[in-house]
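Take a look at the structure set out below.
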Amino acid sequence: MKAYRKSWLICLAAAFLILLAACGNSEDTESSGDEGEATENQNTDDTASAEEDTRTVTDAMGHEVEVPANPERVIGSYLEDYLVALGIEPVAQWSVRDGEDIQDYLQDDLEGIPTIPSELPYEAVTSFEPDLLLMDSAGMVEDNKYDQYNKIAPTFVVGTEEINNWREKFEIIAEVFGMEEKAADVLAEYDTKAEDAKEQIQEAIGDESVAALWLFADTFYIVSENLSSGDLLYNELGLTAPSVVSEISETSAQNWSEISMEKLAELEADHIIFVNSDGESSALEDSIWQNIPAVQNDNIYEFGQDSSWLYAGPIANSQMIDDALESFVE
């Protein structure tokens, strides 16, 4: 009887040990499964994080550019208007003549930003340690320059040629940064402002004609009917272009075209937006200038070369609208 009891106890103990071992294996398996799942999740998170660090966009030349998700050191020479409109502060700003000439109209936002030569020397670009370069057109990266710039930082070319449609250029740049909604809001606000200004100005001067002239180095230039500030005056604000403006615009692809004194004599403009880069100039004493209707009637609205009238972009155009309202609406 005792032998039987002893045998039964041994069996019970063995069963108990087997049960404990089974539980242990189960816990180990569950623990191993949890660890495996955690590792898998971590790998997935790491992959997602890596993908979120950059965005791939295709530029005008077909380059697939890996753009940082949140670039912090951007250089976009002569594209600063668009960057500022998106709330992006570039690390350097366009300049010529060793930094003497800059885009003055943007200095409320770019004051204190170092200048970089407009030709973008490699050494100068490298010194700013950019994490993204924007190039206005393919001409800026010809002769293997793209490869050199791309070694410094991811390089995106906005257009195969210079894009004169500032809205199109703005939307392309916004897409690079994933800021399409921001750009749409900026454009909607601008369009409202332009439409309101159009009504006020047309009510003030009606069908009276308007020309925009630029005096530089004793030479007059006239704005195109469909480009630069001419696009604003004649298309967005619906103002009347003198026949000379239309005639010159048909044969020139320039934003501003030189106008001879003979053609200037034919300018029957009731109002003139006058960008004066010369200050006092003998050209303003010439009888041809003096006989223009706008000059005779003192309908000359003069701006310096630091104004936005020589440029285009969401900020430049908005400032020009303010100038037009102040000039034409009393």
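The values are calculated or read from the model by the stated rules, or taken from the named source; none is laboratory data. Since we're looking at a predicted model, the values are computed, not measured. Because the Cβ atoms are built from the backbone with ideal geometry, glycine has one as well, and the counts that use them run over all protein chains shown. We work out accessible area using only protein heavy atoms, side chains counted, and drop any ligands, DNA or RNA first. Shrake-Rupley method; radii C 1.70, N 1.55, O 1.52, S 1.80 Å.
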Residue match in segment 77-91 (condition: in a strand (DSSP E or B) and within 18 Å of the chain's Cα centre (by Cα)): no
Neighbours by Cβ (under 6 Å, 6+ apart or cross-chain): first from segment 138-150, over 21 Å from K169 (Cα atoms); second open to solvent by 70 Å² or more (accessible area, probe 1.4 Å) and modelled with pLDDT of 95 or more: Q148/Y122
Search result, residues across segment 213-241 that are buried (at least 21 other Cβ atoms within 10 Å of the Cβ) and assigned to a helix (DSSP H, G or I): S228, S229, G230, D231, L232, L233, Y234
Residues being under 26 Å from A69 (Cβ atoms) and open to solvent by 20 Å² or more (accessible area, probe 1.4 Å) - total across segment 92-121: 4
Test for D191: is it under 22 Å from the mean Cα position of the chain (by Cα), modelled with pLDDT of 95 or more and not aliphatic (A, V, I, L, M): yes
Close pairs from segment 222-249: first under 20 Å from N165 (Cβ atoms) and in contact (Cβ under 8 Å) with a residue 24 or more places away in the chain, partner among the aromatic types (F, W, Y) and assigned to a helix (DSSP H, G or I), Cβ under 7 Å, at least 6 apart: E225/Y234; A241/Y234
Selection count, segment 97-108, where residues are out of contact with any Asp or Glu (no Cβ under 8 Å at 6 or more places or on another chain) and either modelled with pLDDT of 95 or more or among the charged types (D, E, K, R) (or both): 7
Matching residues in segment 168-212 - criterion: being β-branched (V, I, T), open to solvent by less than 10 Å² (accessible area, probe 1.4 Å) and either closer than 25 Å to I273 by Cα or not in a helix (DSSP H, G or I) (or both): I201, V210
Any hit, segment 276-285, residues being over 37 Å from the mean Cα position of the chain (by Cα) and either acidic (D, E) or over 20 Å from V96 (Cα atoms) (or both): yes
Qualifying helices (runs of 4 or more DSSP H) (wholly inside segment 242-330; at least 3 residues being farther than 21 Å from G206 by Cβ and open to solvent by 40 Å² or more (accessible area, probe 1.4 Å)): 243-251, 261-264, 287-290
